[in-house]
Amino acid sequence: MRLEVTLARQESNLKDLLVQEKIVDEKLSNMSSDLINYVKNIKEESQNVVTNVPLWSNVASTSQNINEMGRKALETHRVQQALTMDTLQKLHASLQLCPSENVEADDPADLSVSLMPHQKHALAWLLWRETQTPSGGILADDMGLGKTLTMISLIIKSEENKSKFAKGNSDSSSDDEDKDWLSTSKKKKYKGNTLVVCPASLIGQWEGEVISKVKHNKLSIEMYHGPKREKKERRLCRRDIVITTYTIVNKEYVRPDNKHHSPNGPLLNICWKRIILDEAHQIRNFKSKTALKIFELRGKHRWVLTGTPIHNKESDLYALIKFLRCSPFDDYAVWKKWVDNRDASGNQRLSTMVKALMLRRTKEDLKQKGALTNLKDKSFSIIEVKLTKEESELYQKLLDFSVTLLAQFIEQKAEKENYSGHVFVNRKKKLVNQNDGNEDPFANHPDLSKLYSRMKNLNEVKTTDILVLLLRLRQICCHPTLITAMLVKEEMKDVGIENNDGLDLELLEKMGNMSIVFDAEKEGSNSPTSPLNYKNPIFSADVMSSKIKNVIKTIEENILPSEDKGIVVSQWTSMLDLIYNVLCSKKIKCVLLTGSVPVKDRGDIVKRFNEKNKGPKIMLLSLTAGGVGLNLVGANHLLMVDLHWNPQLESQACDRIYRVGQEKKVHIYKFMCSDTIEERILKLQEKKLSLADNILTGSNMTQASKLSLDDLKMLFNM
């Protein structure tokens, strides 16, 4: 009897499902017809629209064969298709109202300075985007073009124009979202004004811009930072601007199912009128804890500021789209299927989103158009460094081993890469024979010795093994002593591979823990003349490496004779320490600014350095600390000591001095060891810059962006 009842229920449910499917089919059919007519009208009426009509007719083309789908999958596919077409339609339609390049907004009345032409156009664009769906967007202007002041102008101007825009094309979906949250929240309903989230090093800069560029008492600020920060939601809501950090937001969010901890902090309990993420590439890993908590912030107008929206891959942009809540593309499954799917139609959809949601101008573009007449010229030089005989021997020894290990790695991936195993077998035989069969050339180097044993015994080679060797080869190019020390956390943070490229923090730590131990008992069979012997003088920190000699020479010839100042940038703080010691020994005034310097002290260091004809002559800056919005226009020479295969990090460092407000010609120097891995990193940088440019301009972007096997072979010159 129970079985019959169950079958009857299932039969009834199936009938209901079939009826619902029929209704959905009819709606989709009608919607498709309407969209086809809409596109036809757009083609006839949008001659003044700069962009081409997206290929929405190809929206049904996916890599998945519809005929092979099950009923549930087909239903999901059709719903996603309808939502995708509807969103693209609205985004493209919005472009007809987008302010053209010659449209400029008036300066806000309460601003104490005048905006530059490109900032006035950006203000007009920002005001327009706040009337669209989603409300907000991505301001991706080049670093140093005054994005902070532009956003402050938006805050002021939007209040001035409140009555004008109140009846415009407002974001009804965002209003509904706010009302929905306010009505369902069990807590008291708090509505705040503008929340700014930025790296800790920039909170003082935001405060300083408001104080110096806005008329007195026109904008109230709350610095939500430090142990004594204001915790009352009611008081925070009274402020025009609340400034906090990504770290604070990370700490304040508590999962809804977490019953053993205190509730969310006030930032999560307030529905903000506007949220601004500065240096928003901080959340480019959308799976990171910080990003997941930033996504939980509630706000009507959502803004993203970043000069580098693409660092390594297309998914960097997805995190920004998710924060903007651009439905349905804020769903990763939809994003991968309909946008980041490596086909022409996906490229078209991404192009439409970028054109509608992002404003990006580079300094070179604006300069060519005559919009930045006060921006000084910039020169770029590559200084080739020749390693000494001893340095070359050490480098070649490690390179031979690295190539052999990579050959074994390739053999293990042979089924994917279609490689023959004899490549590795021949290289292994050659390397082992060179070392008398049984002698371990890395006896003094525990971690290298483990890799050698793994290669010799045909154990599995991991990706991290290759990355460790890449890292150490790059360090030898700077100074051999770097491979005798463990990496600090700041240096491990960005050694070239992101966590979501397949490496977690544990693997990054393994890279950092690779060091040479000075233990006489482990001297083994190594000859005292061996390049890898710890007694080799080139490992001494007191010996200037070839690269350091060239850096010092450049400083002495191009900076010291004038009133100019310079910045020396390296991704390794240990390298900066070596250069710092040499400069001090030569009585050259210098200062260190790395991630270990407390945030509260950085402002004074920068201020003192930027003073004309005063303070330090040289600043030694870590690559990670130099990539977060510092204004260092007191210097006009920048020396990139080592090369990083993420060129966006280098671009960020260069823009610390090449920006609006710079009064002198800028000189950029890159130091590259010839006939080494650094030459090939330059080629990889060009590839990654091309990837970012292609995505942001809507061009084809099917090329790989992370370190692929082909990239590794190129870096090892195989």
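Annotations
- Under the simplified labelling scheme, the Ser114-Lys589 pair shows an inter-label distance of 3.5 nm, with each label point 7 Å from Cα along Cα→Cβ.
- Least to most buried among Ser596, Ser94 (fewest other Cβ within 10 Å first): Ser596, Ser94
- Checking the cross-link pairs Lys157/Lys218; Lys232/Lys322; Lys251/Lys337; Lys337/Lys462 against a 22 Å limit on the alpha carbon distance flags Lys232/Lys322; Lys251/Lys337; Lys337/Lys462 as lying beyond it.
- Gain upon complete extension [Ser220, Ala333; 0.36 nm per residue less C-alpha separation]: 36.5 nm
- The Val599 and Arg360 beta-carbon pair, evaluated with R₀ = 30 Å, returns a calculated FRET efficiency of approximately 0.55.
- Violating pairs (Cα-Cα greater than 31 angstrom) within the set Lys386/Lys565; Lys300/Lys683; Lys191/Lys367: Lys300/Lys683; Lys191/Lys367
- Taking other Cβ atoms within 10 Å as a rough exposure proxy, Glu384, Glu411, Glu678 sort from fewest to most as Glu384, Glu411, Glu678.
- Rounded to the nearest 0.05, the FRET efficiency derived from the C-beta distance between Ala541 and Thr247 at R0 = 45 Å is 0.85.
- Cα→Cβ-extended label distance, 7 Å offset, between Lys389 and Glu557, nm: 2.5 nm
- Gap separating the Cα centres of the range 276-316 and the range 560-589, nearest whole Å: 34 Å
- Panel order for Phe329, Phe380, Phe409, by other beta carbons found within 10 Å of each beta carbon, from fewest to most: Phe380, Phe409, Phe329.
- Among the listed pairs Lys273/Lys376; Lys289/Lys376; Lys231/Lys293; Lys547/Lys614; Lys228/Lys293; Lys376/Lys713, those with a Cα-Cα distance over 30 Å are Lys273/Lys376; Lys289/Lys376; Lys376/Lys713.
- With 0.36 nm allotted per residue and the present C-alpha distance subtracted, the Ser381-Glu679 stretch has 105.9 nm of extension available.
- Charge tally in the Cβ shell below 13 Å around Lys369, where Lys, Arg are +1 and Asp, Glu are -1, Lys369 excluded: 0
Read-outs throughout are calculated quantities, based only on the coordinates presented, and are distinct from any laboratory measurement. Values in this document were obtained by computation on a predicted structure and should not be read as measured data. Methodologically, a virtual Cβ is constructed for each residue, glycine included, from the backbone with ideal geometry; neighbour enumeration extends over all protein chains shown.
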